[in-house]
């Protein structure tokens, strides 16, 4: 398993970085749309669709929605990000109330709608951040990865109080605190690097803490859906790493929210 994980990472990491930072404009939009469509294919499974025909129709609908958003210029607009933020408030309500509120979202139709308000703003958020400068896209990626690493090691060493035992028993509040600490240090470093000053630095720190907590929710949402479906991974598209959603679940919450807050303060 470790050997397969290393092999997959060896080709996946350079490809991902080349796509995110080597492409611009329409090429970047197409690259990120492809990733979102792969994630959408996995989401249809989490939504309870079983036939290839139904899953294919759902992905075709997602593709049309992406095309329409691109045609109306939503890749540099703020309104899809507001819609996504509203959707994540509902996701928070369901995650914190699992399994008591399961009946509210267990239908396939609701889970497909959930996928739309998660994945479409994610695509818009990636494009907004890329257009505003690759440095901010780099920051939010490092933020999420740093928070994951901090949460993992602090959680293993100090984790006692469970964060959401019915959704993801391995996560702890101590781990969340470790993730926030790492991402906060990253924010301070970025503020100094970008010369934001005291006020700008404090603003970035506040945004970073909010987005870090949102990234935890993104992880928990996918865990909840997988638990409901009895799945360990969203798919096996990435041997040794699970599926695309398993790799970007935290980003689906962090990227659109950071893009929204970034636009709001810029």
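I'd like to know if segment 139-157 contains one or more residues that are under 29 Å from residue 71 (Cα atoms), buried (at least 20 other Cβ atoms within 10 Å of the Cβ) and touching a helix residue (DSSP H, G or I) at 6+ places or on another chain (Cβ under 6 Å).
yes
With 144, 118, 95 as the choices, which residue is touching a strand residue (DSSP E or B) at 6+ places or on another chain (Cβ under 8 Å) and within 27 Å of residue 238 (Cα to Cα)?
None of the others qualify; the one that does is 95.
Where the second residue is surrounded by 15 or more Cβ atoms within 10 Å (Cβ to Cβ) and part of a helix (DSSP H, G or I) and the first is on the phi > 0 side of the Ramachandran plot and free of Cβ contacts under 8 Å to residues at least 24 places away in the same chain and lies in segment 18-42, which pairs have Cβ atoms under 9 Å and are six or more apart or on separate chains?
25/130; 25/131
Evaluate the following for residue 100: is it free of Cβ contacts under 8 Å to residues at least 12 places away in the same chain, out of contact with any strand residue (DSSP E or B) (no Cβ under 7 Å at 6 or more places or on another chain) and not in a helix (DSSP H, G or I)?
yes
Could you say whether any residue in segment 105-115 is within 13 Å of the chain's Cα centre (by Cα) and part of a helix (DSSP H, G or I)?
Yes.
Of the residues 67, 30, 92, only one is in contact with a helix residue (DSSP H, G or I) (Cβ under 8 Å, 6 or more places away or on another chain) and either assigned to a helix (DSSP H, G or I) or surrounded by 12 or more Cβ atoms within 10 Å (Cβ to Cβ) (or both); which?
Testing whether each residue is in contact with a helix residue (DSSP H, G or I) (Cβ under 8 Å, 6 or more places away or on another chain) and either assigned to a helix (DSSP H, G or I) or surrounded by 12 or more Cβ atoms within 10 Å (Cβ to Cβ) (or both) leaves just 92.
Return the only residue of 223, 250 being in a helix (DSSP H, G or I), touching a strand residue (DSSP E or B) at 6+ places or on another chain (Cβ under 7 Å) and within 20 Å of residue 122 (Cα to Cα).
223
Could we say that residue 201 is buried (at least 22 other Cβ atoms within 10 Å of the Cβ) and at pLDDT below 95 here?
For residue 201, the condition - buried (at least 22 other Cβ atoms within 10 Å of the Cβ) and at pLDDT below 95 - is not met.
Being in a helix (DSSP H, G or I), farther than 30 Å from residue 64 by Cα, in contact (Cβ under 8 Å) with a residue 24 or more places away in the chain and within 19 Å of the chain's Cα centre (by Cα): is that true of residue 129 here?
No, not satisfied.
Is segment 215-228 home to any residue that is more than 18 Å from residue 148 (Cα to Cα), surrounded by fewer than 24 Cβ atoms within 10 Å (Cβ to Cβ) and out of contact with any helix residue (DSSP H, G or I) (no Cβ under 8 Å at 6 or more places or on another chain)?
Yes, that holds for at least one residue.
The values are calculated or read from the model by the stated rules, or taken from the named source; none is laboratory data. Computed from a prediction, not measured in an experiment: that's the story for all the values here. Positions of Cβ are backbone-derived with ideal geometry, glycine not excepted, and every protein chain shown enters the neighbour counts.
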